[in-house]
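Quick notes on the structure that follows.
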Amino acid sequence: MSDWDALDAELDLWQRAGSVATLWWRDDDAKAASPALSRLLQMSREHRVPLSLAVIPATAESSLLQDVATDVGLTVLQHGFAHANHAPRDEKSAEYGDHRPADVMGAEILGGATRLRAAFGERFLPLFVPPWNRIAPGLVATLPSLGIVGLSTYGPRPSASPASGLRQVNTHADLID
């Protein structure tokens, strides 16, 4: 069974139960205009499916701003700061794991949000998407104090908010994988 079959089967279960699945579309690692991004934006417009683009603040180029400037259905999210791995070699990749001081990571998150807000204005939604979908649990609680209102990783929806003033909206299907 392919992953597409598993997704189809899950959606069929929802339909038989009389429920409607709520879906959203998040694309990660954005930093510059490209033919692939243009195709993605075109698909979003053609199918009238809003797209959330997780942008890397430290490496975002002006071409990205030009490419998305007129796209009405687009929301810009914060994808870490530099998408740099700080984890030890024997651990899974993480930019925001327990490997660095929380105040350093917080300053990066705040700086990244400031950059994206200045570049994208109202298109920027202060929702944090940590690279590799990993974030230190202690850092999660500080996100609202940095102006971050949402967190998106990968996996089931939590039954409760991970921190006061913070909503978590995870992805459940990786279309690339």
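Quick one: count up the residues across region 118-140 that are more than 18 Å from Gln66 (Cβ to Cβ) and either open to solvent by 20 Å² or more (accessible area, probe 1.4 Å) or hydrophobic (A, V, I, L, M, F, W, C) (or both). Before the answer, list the steps.
Keep residues of region 118-140 that are more than 18 Å from Gln66 (Cβ to Cβ), which gives 125-140.
If we keep only those that are either open to solvent by 20 Å² or more (accessible area, probe 1.4 Å) or hydrophobic (A, V, I, L, M, F, W, C) (or both) too, we end up with 125-129, 132-140.
Number of matching residues: 14.
So, of the residues in region 85-102 that are in a loop (DSSP other than H, G, I, E, B) and open to solvent by less than 30 Å² (accessible area, probe 1.4 Å), which turns out to be farthest from Tyr154 (Cα to Cα)?
First pass over region 85-102, keeping only residues in a loop (DSSP other than H, G, I, E, B): 85-95, 97-101.
Next, only the ones that are open to solvent by less than 30 Å² (accessible area, probe 1.4 Å) stay: 87, 94-95, 97.
Working: Ala87: 19, Ala94: 14, Glu95: 15, Gly97: 15 Å.
Only one residue fits best here, namely Ala87.
Could you tell me which numbered condition Glu108 fails, if it satisfies all but one of (1) of a type outside the set (A, V, I, L, M, F, W, C); (2) without any contact (Cβ under 8 Å) to a residue 12 or more places away in the chain; (3) in a helix (DSSP H, G or I)?
Only one criterion in (1) of a type outside the set (A, V, I, L, M, F, W, C); (2) without any contact (Cβ under 8 Å) to a residue 12 or more places away in the chain; (3) in a helix (DSSP H, G or I) is unmet by Glu108, namely (2).
Please find, among Ser63, Ser44, the residue that is among the hydroxyl-bearing types (Ser, Thr, Tyr), open to solvent by less than 10 Å² (accessible area, probe 1.4 Å) and more than 24 Å from Arg167 (Cα to Cα).
Working: Ser63 fails: open to solvent by less than 10 Å² (accessible area, probe 1.4 Å).
Exactly one of Ser63, Ser44 is among the hydroxyl-bearing types (Ser, Thr, Tyr), open to solvent by less than 10 Å² (accessible area, probe 1.4 Å) and more than 24 Å from Arg167 (Cα to Cα), namely Ser44.
Looking only at region 147-177, count how many residues are open to solvent by less than 20 Å² (accessible area, probe 1.4 Å), part of a loop (DSSP other than H, G, I, E, B) and either without any contact (Cβ under 8 Å) to a residue 40 or more places away in the chain or not aliphatic (A, V, I, L, M) (or both).
4
Among (1) in contact with a strand residue (DSSP E or B) (Cβ under 9 Å, 6 or more places away or on another chain); (2) assigned to a loop (DSSP other than H, G, I, E, B), where does Val49 come up short?
It fails just one condition, (1).
Being surrounded by fewer than 17 Cβ atoms within 10 Å (Cβ to Cβ) and either touching a Leu at 6+ places or on another chain (Cβ under 8 Å) or within 19 Å of Gly111 (Cβ to Cβ) (or both) is the filter here; which residues of region 30-39 pass it?
Ala32
Considering only residues of region 5-28 that are without any contact (Cβ under 8 Å) to a residue 60 or more places away in the chain and under 30 Å from Asp67 (Cα atoms), which is surrounded by the most Cβ atoms within 10 Å (Cβ to Cβ)?
Taking region 5-28 as the starting set, the residues that turn out to be without any contact (Cβ under 8 Å) to a residue 60 or more places away in the chain are 5-6, 8-23, 25, 27.
Next cut, under 30 Å from Asp67 (Cα atoms) only: 22-23, 25, 27.
On the way: Thr22: 7, Leu23: 10, Trp25: 17, Asp27: 20.
Ranking the candidates gives Asp27 first.
Would you mind finding the one in Ala58, Ala54, Ala82 that is assigned to a loop (DSSP other than H, G, I, E, B) and either among the aliphatic types (A, V, I, L, M) or within 29 Å of Leu139 (Cα to Cα) (or both)? Walk me through how you get there before you give the answer.
Details: Ala58 fails: assigned to a loop (DSSP other than H, G, I, E, B); Ala54 fails: assigned to a loop (DSSP other than H, G, I, E, B).
Of the residues listed, the single one that is assigned to a loop (DSSP other than H, G, I, E, B) and either among the aliphatic types (A, V, I, L, M) or within 29 Å of Leu139 (Cα to Cα) (or both) is Ala82.
Thr75 versus (1) open to solvent by 30 Å² or more (accessible area, probe 1.4 Å); (2) in contact (Cβ under 8 Å) with a residue 60 or more places away in the chain: which is the lone unmet condition?
Every condition holds for Thr75 apart from (2).
The values are calculated or read from the model by the stated rules, or taken from the named source; none is laboratory data. Note that the structure is predicted; figures quoted are calculated from it, not measured. All Cβ positions, even for glycine, are placed from backbone atoms using ideal geometry, and neighbour counts span all protein chains on display. All accessible areas refer to the heavy atoms of the entire protein, side chains included, with ligands and DNA or RNA removed. Shrake-Rupley method; radii C 1.70, N 1.55, O 1.52, S 1.80 Å.
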